[in-house]
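Student: To start, I am sharing the structure in question, which I have written as structure tokens.
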């Protein structure tokens, strides 16, 4: 028996023509978290098969730089085999249907140029963008060219412009959209009859610093000079796709990190709220940044769209609102990775990617995880949060980094009026608005339940406060002269206190140091302990050193500058007085910081203005105090105080500049020495 | 043309007279003088051999070794497999007709190597045909059981001796005594390839090339994938002491230093028996680099690294550094076995390898499906405590919680289970050098830990606390890394960072780690073992050390090159194996004999030029060592977990933790534990365990002996009992041989009949 089986094995191995490798994924799944950092995630698509032309049928031979793909509503796959100047048609099982290689126009043989785009309209007419022949061919299934679209005769296009159509598509009404190289006005529109009908969905020129500067120069330059300055054009479309409702999805290979994907409504307006697409982090390699460079885009029936990034060789898939779903693929010589991916299409729930360098097509199918997410997203976009909840919980079983799941569950919980849990889930998703809404409802619930207790507590607090003030007034009357002047006195009588302090030499260095230390603590707390809704800092990434630099050193520089300025301006204050008086002035600001941190835990986003006021009151109070204290210490009139403060600020800036200069000089000196040391060490060993 | 013929004839004469007959110990030879007579050569001719100049030199019961003493193929040899009469030529006979190759001379060579030309700053490759044999550089000696080809390359004054021997185990060896390589000029040998076109098949032949990618992969002969890059990977993943600044692709490394080629019902199976850690395997289909389907390996004798000199604000300048010291490796050797008939397939190769590794002598594993569970103890990460960032030990699963997981699984009738407890040791959790076995207090007391071990033992479960003795990330005193970590050839401390998933470069914001230098490692691992023994636990799991190979130049007098690093790690694992029963994390084959259990077996990488993956690794160890693949809940396709386990004869594997929120493992080396919540997975484990247990019972055995990937896309796994598992991993329904399988399903066939 065993022998027999083994011989089966031996024989069969000779006849294998299977076109794929079953293997582990050649790419790792990841997604971007709130901080725009890549975190591991389950992959949404795996490779179902990789097919060269030979794998499909020996009749085809090899593909040669295939540039575009189209999948018809009947799931026929049209491959624009550009290098071989033909169209290869496959059925949905990737079996060869036919090859269209002979094209005739008016009964004369036509050879296609280096074609780049293919599309089919509802009547089965094939549109081929052919930049080298400067036209779009419209042909039937047998290669008989019915007509062609050429450069329209319009003033809006420069005369010398060569018409090079890159991609073409047709909407439900039969209007043809042509994206052509060098045409910045948007896609060219043609009526079903082939008449030019204007432009569609122009990108706008992005405003940048350089652009504004150039505009300024242009104003003062002569016309000849102005002509030599770089002209600013909106970026042209690289590729596009159209959905059932005639919304056009476009990709643009902008060099900057601006909006790379747009969803244009039939009026040509972008309707996509999300701003960032593709890789959210980039690194220079050989002087070039690794920003995403989208080559193609495809939208599925459910509104989910996938864009093909030629830089990272990955597919970025988004839901209809532009939330990232999955990142698929990569760079390399394994199945599921690409060299130069040129086009992407959807076949049912599968994605097909054409690689013009590997000359193959890769079919991706969703994993069970992927299917789960896509189904849940459908519910979610339809607003059926409740139905989606169990699916999202299953998603979290596989992947706790899947943020959309938390948001969605949060929304479901909101619908169920489980506000506390909803707030928790929104927090996990870093969804501050959602959390704010949930928390507000939760807070109302608590307030309503405990209304009586809260009233009682408020009354007690007020009584306590009044009692304290009364007691204080009494004690103030009997108070003796202290060896230091109470900072509390400074709060309300800064000028007087400052004069007293100077006169009696009654400032306390110890207290000033304590205040500075508390200031630093307040700064740390404000960074890290502010309530989630008002805190967009990555708390775990706190850099204490940097934070410290924004507190005490600033104070020191301020004190020194003021002392310097005032010495020149006949000020009477000593450094010690300025130091102590200055530190006392920080008290309102520090207190407001603490209050801000505390209240931020109870306020919701719509009440942000109250929180801001707390801070502003602190700042204004501190500023007024500082003004008073300085005029007190230096015996200044109002005018000279203003002058001294102004000069102090300038002096501080100069000092800061000097410090930066020294630091960078030291850095250079250090790196110079270290590079010599490095080289020496290297030479010696 | 005439001139060439003349010179050929001339050469021919020289070669004939060049053949020496000497004993094994004769070492004297001369590159210039080639005038010794052949005396001892029997003039047998063989019908099978096409080139009639081949003369029988040696034979044993398995193989016959012939050498061409005249004719076109002069100076080459051929091996006949006695069993089926198939003949394997050291160089293809019709190499001259090749239309694809750029360098036909290389195809006709027994040896090719590269040397560094300092003048032109280039690596130059030379071959033994054009650069030695054709210009009178070959000197041939007959040894007691083989031949020695002494190739002198006059232009660069380098002499390389290649020895071909018949072995008693049925194989032939091709080896180079590295110490006998003579470099009499400034030129030094860097990479050397032995018998580059020995394992070849022609463009009209049918069969396959077996490539050791991951657990194994197959490239069908003449598969037409000529537009793709050839397969070329370092054995054991190469020297991890060479840190690259980018990691752009995700693929499996080579765990097994083997490869094979099957054609016409006979096959050749190669094991790299010496110097594997410094070699790489290349497989190319016909039409890519030559007209031949070819598989071979190349040894790296000297290293080329890049040194990047930091020049401060001018940025870094990097340049190549070429090793100048002589290689420390003594011999490089390949062994080739010739298989025929029913043994010529993959299972025959696996059986041969098993025989070579002495795996057959191990006692059989219990024939019982089991579940491998990973439990994560504690990880350390920077966390904000009251606003201040602090390194905090996060608890994922305490000892008690682990015990609760076990008891729950026990309740679910899981009879056989192996628990691997990851990050339980306090020094390992903190990232310190692991030189003591001390339980992490955050996870519970030592008593609780021992209670967990005892509970596992009583339940009949294996318990394997895991450590990686080779790494540390936290220094106990400043600059400790300069004294305790491995250094690269440029004497820089090797500092490893995790790579970013999106842009592939090193993530220097995250915690880095160092690899312990060998000098320290030998001490610390002994210390650890001593204190671990006191815990009195039977099992121990090792990771990291099991499948990494590193060089180390920290000790200038005793530099450790990769081959030696590999041996030293094996030695340390061997020491551990004497004291505990070991569970190894996907070990490379040099460490495999110390494993009792193996976890995290890889898959294959799906390289473009290859056709499908095969469970060769599993076929070698099946029945003798219990194994499992990667954790199902962290794999790409959790729904295929059962199918993938069954078709490879594996057990199930899950990674679990009690506190599985993203906040615990974020930014740590365990950040890929994204779906490990024990509560959510227990019922899945119960179901899947039941399924594989029943299936293996029906199959009658869990011992995988054969594997077939059918044309239809169905895979068939053959088990020792005669049971077959027909599996369809695709998304389509497939019908084959009367069996219809729905997508992602399988069926059992026994004695030609489908059960169920």
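The values are calculated or read from the model by the stated rules, or taken from the named source; none is laboratory data. The shown structure was predicted, so the numbers you read here are calculated from the model rather than taken from an experiment. Here the Cβ is made from the backbone with ideal geometry for all residues, glycine too, and neighbour counts use every protein chain on show.
Student: Scan the range B:737-751 residue by residue and report those that are more than 10 Å from chain A (Cβ to nearest Cβ) and in a strand (DSSP E or B).
Tutor: B:739, B:740, B:741, B:745, B:746, B:747, B:748
Student: Continuing with this model, one more query. Looking at the range B:61-78 only, could you name the residues that are part of a strand (DSSP E or B) and modelled with pLDDT of 90 or more?
Tutor: Filtering the range B:61-78 down to residues part of a strand (DSSP E or B) leaves B:63-68, B:77-78.
Of everything in the range B:61-78, those that are part of a strand (DSSP E or B) and modelled with pLDDT of 90 or more turn out to be B:63, B:64, B:65, B:66, B:67, B:77, B:78.
Student: Could we say that residue B:699 is more than 10 Å from every other protein chain (Cβ to nearest Cβ) and touching a residue at least 60 places away in the same chain (Cβ under 8 Å) here? Don't jump to the end; show me each part of the working.
Tutor: Details: more than 10 Å from every other protein chain (Cβ to nearest Cβ): yes; touching a residue at least 60 places away in the same chain (Cβ under 8 Å): no.
In short, no.
Student: For residues that are surrounded by fewer than 17 Cβ atoms within 10 Å (Cβ to Cβ) and either at pLDDT 90 or above or over 30 Å from residue B:424 (Cβ atoms) (or both), tally how many sit in the range B:358-379.
Tutor: Final tally of qualifying residues: 5.
Student: Same structure again: Answer yes or no: is there a residue in the range A:323-340 that is facing chain B (nearest Cβ under 10 Å), assigned to a strand (DSSP E or B), surrounded by fewer than 22 Cβ atoms within 10 Å (Cβ to Cβ) and touching a residue at least 60 places away in the same chain (Cβ under 8 Å). First the steps, then the outcome.
Tutor: First, the residues of the range A:323-340 that are facing chain B (nearest Cβ under 10 Å): A:327, A:330-337, A:339.
If we keep only those that are assigned to a strand (DSSP E or B) as well, we get A:327, A:331, A:334.
From what is left, the residues that are surrounded by fewer than 22 Cβ atoms within 10 Å (Cβ to Cβ) are A:331.
So of that shortlist, the ones also touching a residue at least 60 places away in the same chain (Cβ under 8 Å) come out as none.
No, the range A:323-340 contains no residue that is facing chain B (nearest Cβ under 10 Å), assigned to a strand (DSSP E or B), surrounded by fewer than 22 Cβ atoms within 10 Å (Cβ to Cβ) and touching a residue at least 60 places away in the same chain (Cβ under 8 Å).
Student: Against the conditions (1) in contact with a helix residue (DSSP H, G or I) (Cβ under 6 Å, 6 or more places away or on another chain); (2) within 7 Å of another protein chain (Cβ to nearest Cβ), where does residue B:636 fall short? Just the number, please.
Tutor: (1)
Student: Additional query: Just to confirm my filter: which helices (runs of 4 or more DSSP H) fall fully inside the range A:487-561 and include at least 2 residues that are away from every other protein chain (no Cβ under 14 Å) and buried (at least 17 other Cβ atoms within 10 Å of the Cβ)? Spell out how you get there, then give the answer.
Tutor: On the way: elements: A:487-492, A:494-504, A:509-528, A:544-549.
Answer list for the range A:487-561: A:487-492, A:494-504, A:509-528.
Student: Which members of the range B:594-620 meet the condition of being more than 14 Å from chain A (Cβ to nearest Cβ) and under 14 Å from the mean Cα position of the chain (by Cα)?
Tutor: Within the range B:594-620, the first condition is being more than 14 Å from chain A (Cβ to nearest Cβ), and the residues that meet it are B:594-599, B:618, B:620.
Passing the criteria: B:618, B:620.
Student: Would you check which residues across the range B:380-396 are in contact with a strand residue (DSSP E or B) (Cβ under 9 Å, 6 or more places away or on another chain) and either modelled with pLDDT under 85 or part of a loop (DSSP other than H, G, I, E, B) (or both) and list them? First the steps, then the outcome.
Tutor: Taking the range B:380-396 as the starting set, the residues that turn out to be in contact with a strand residue (DSSP E or B) (Cβ under 9 Å, 6 or more places away or on another chain) are B:380-385, B:389-396.
Selection gives B:383, B:384, B:385, B:389, B:390, B:396.
Student: Among residues belonging to the range B:665-674 that are surrounded by fewer than 24 Cβ atoms within 10 Å (Cβ to Cβ) and over 29 Å from the mean Cα position of the chain (by Cα), point out the one that is farthest from residue B:404 (Cα to Cα).
Tutor: For the range B:665-674, the residue satisfying everything is B:667.
Student: Kindly provide the set of residues from the range A:32-74 that are under 19 Å from residue A:403 (Cβ atoms) and either more than 11 Å from chain B (Cβ to nearest Cβ) or outside any strand (DSSP E or B) (or both), ordered by number.
Tutor: Once the filter is applied, which keeps residues that are under 19 Å from residue A:403 (Cβ atoms) and either more than 11 Å from chain B (Cβ to nearest Cβ) or outside any strand (DSSP E or B) (or both), the range A:32-74 yields A:33, A:34, A:35, A:36, A:37, A:41, A:42, A:43, A:44.
Student: Right, next: Residue B:659 passes all but one of (1) within 14 Å of another protein chain (Cβ to nearest Cβ); (2) buried (at least 20 other Cβ atoms within 10 Å of the Cβ); which number fails?
Tutor: (2)
Student: While we're on this one: Which residues, counting only those in the range A:269-290, are exposed (fewer than 14 other Cβ atoms within 10 Å of the Cβ) and more than 21 Å from residue B:245 (Cβ to Cβ)?
Tutor: Of everything in the range A:269-290, those that are exposed (fewer than 14 other Cβ atoms within 10 Å of the Cβ) and more than 21 Å from residue B:245 (Cβ to Cβ) turn out to be A:269, A:271, A:273, A:275.
To keep it simple, each residue is scored yes or no on (1) over 30 Å from residue A:435 (Cβ atoms); (2) touching a residue at least 12 places away in the same chain (Cβ under 8 Å).
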residue: A:600; (1), (2): no, yes
residue: A:610; (1), (2): no, no
residue: A:614; (1), (2): no, yes
residue: A:618; (1), (2): no, yes
residue: A:629; (1), (2): yes, yes
residue: A:639; (1), (2): yes, no
residue: A:652; (1), (2): yes, yes
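Student: Going residue by residue through the range B:461-476, is there one that turns out to be at pLDDT below 95 and part of a helix (DSSP H, G or I)?
Tutor: Checked against the condition, which is being at pLDDT below 95 and part of a helix (DSSP H, G or I), the range B:461-476 yields no hits at all.
Student: Go through (1) in contact (Cβ under 8 Å) with a residue 12 or more places away in the chain; (2) more than 13 Å from chain B (Cβ to nearest Cβ); (3) in contact with a helix residue (DSSP H, G or I) (Cβ under 6 Å, 6 or more places away or on another chain) for residue A:421 and report which single condition fails.
Tutor: (1)
Student: Right, something else. Residue B:382 - would you say it is within 14 Å of chain A (Cβ to nearest Cβ), surrounded by fewer than 21 Cβ atoms within 10 Å (Cβ to Cβ) and over 23 Å from residue B:685 (Cβ atoms)? Spell out how you get there, then give the answer.
Tutor: Details: within 14 Å of chain A (Cβ to nearest Cβ): yes; surrounded by fewer than 21 Cβ atoms within 10 Å (Cβ to Cβ): yes; over 23 Å from residue B:685 (Cβ atoms): yes.
Answer is yes for this residue.
Student: Return a yes/no flag: does the range A:11-28 have any residue that is at pLDDT 90 or above and within 9 Å of another protein chain (Cβ to nearest Cβ). Write out each step before concluding.
Tutor: From the range A:11-28, those at pLDDT 90 or above are A:27-28; that's our starting set.
Now restrict to residues that are within 9 Å of another protein chain (Cβ to nearest Cβ): A:27-28.
Scanning the range A:11-28 turns up at least one residue that is at pLDDT 90 or above and within 9 Å of another protein chain (Cβ to nearest Cβ).
Student: Let me ask you something else. Would you confirm whether or not the range B:361-379 contains a residue that is in contact with a strand residue (DSSP E or B) (Cβ under 9 Å, 6 or more places away or on another chain), free of Cβ contacts under 8 Å to residues at least 12 places away in the same chain and within 14 Å of another protein chain (Cβ to nearest Cβ)?
Tutor: No: the range B:361-379 contains no residue that is in contact with a strand residue (DSSP E or B) (Cβ under 9 Å, 6 or more places away or on another chain), free of Cβ contacts under 8 Å to residues at least 12 places away in the same chain and within 14 Å of another protein chain (Cβ to nearest Cβ).
Student: Ok, one more. State whether one or more residues within the range A:75-98 are modelled with pLDDT of 90 or more, surrounded by fewer than 23 Cβ atoms within 10 Å (Cβ to Cβ) and over 43 Å from the mean Cα position of the chain (by Cα).
Tutor: Scanning the range A:75-98 turns up at least one residue that is modelled with pLDDT of 90 or more, surrounded by fewer than 23 Cβ atoms within 10 Å (Cβ to Cβ) and over 43 Å from the mean Cα position of the chain (by Cα).
Student: Which of the numbered conditions does residue B:354 fail, given that it passes all the others? Conditions: (1) within 23 Å of the chain's Cα centre (by Cα); (2) within 14 Å of another protein chain (Cβ to nearest Cβ); (3) in a helix (DSSP H, G or I).
Tutor: All conditions pass for residue B:354, except number (2).
Student: In this structure, does residue B:295 turn out to be buried (at least 18 other Cβ atoms within 10 Å of the Cβ), within 26 Å of residue A:331 (Cα to Cα), within 14 Å of another protein chain (Cβ to nearest Cβ) and touching a residue at least 12 places away in the same chain (Cβ under 8 Å)? Even if it seems obvious, please write down each step before you answer.
Tutor: Numbers: buried (at least 18 other Cβ atoms within 10 Å of the Cβ): yes; within 26 Å of residue A:331 (Cα to Cα): yes; within 14 Å of another protein chain (Cβ to nearest Cβ): no; touching a residue at least 12 places away in the same chain (Cβ under 8 Å): yes.
Judged against the criteria, residue B:295 is not a match.
Student: Further question on the same structure: I need a count of the residues in the range A:349-385 that are within 11 Å of another protein chain (Cβ to nearest Cβ) and under 26 Å from the mean Cα position of the chain (by Cα).
Tutor: 5
Matching residues to (1) closer than 26 Å to residue B:706 by Cβ; (2) away from chain A (no Cβ under 11 Å); (3) in contact with a helix residue (DSSP H, G or I) (Cβ under 6 Å, 6 or more places away or on another chain); (4) outside any loop (DSSP other than H, G, I, E, B):
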site: B:165; (1), (2), (3), (4): no, yes, no, yes
site: B:173; (1), (2), (3), (4): no, yes, no, yes
site: B:193; (1), (2), (3), (4): no, yes, no, yes
site: B:205; (1), (2), (3), (4): yes, no, no, no
site: B:223; (1), (2), (3), (4): yes, no, no, no
site: B:237; (1), (2), (3), (4): no, yes, no, no
site: B:240; (1), (2), (3), (4): no, yes, no, no
site: B:259; (1), (2), (3), (4): yes, yes, no, yes
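Student: Name every residue in the range B:721-736 that is more than 9 Å from chain A (Cβ to nearest Cβ) and without any contact (Cβ under 8 Å) to a residue 60 or more places away in the chain, in order of residue number.
Tutor: Start the filter on the range B:721-736 by keeping residues that are more than 9 Å from chain A (Cβ to nearest Cβ), which leaves B:721, B:723, B:725-728, B:733-736.
Result: B:721, B:723, B:726, B:728, B:733, B:734, B:735, B:736.
Student: Kindly provide the set of residues from the range B:148-169 that are surrounded by fewer than 20 Cβ atoms within 10 Å (Cβ to Cβ) and within 30 Å of residue B:84 (Cα to Cα), ordered by number.
Tutor: Within the range B:148-169, B:167, B:168, B:169 qualify.
Student: Of all the residues that make up the range B:208-220, how many are at the interface with chain A (Cβ under 9 Å from one of its Cβ atoms) and crowded, with 24+ Cβ neighbours inside 10 Å?
Tutor: 5
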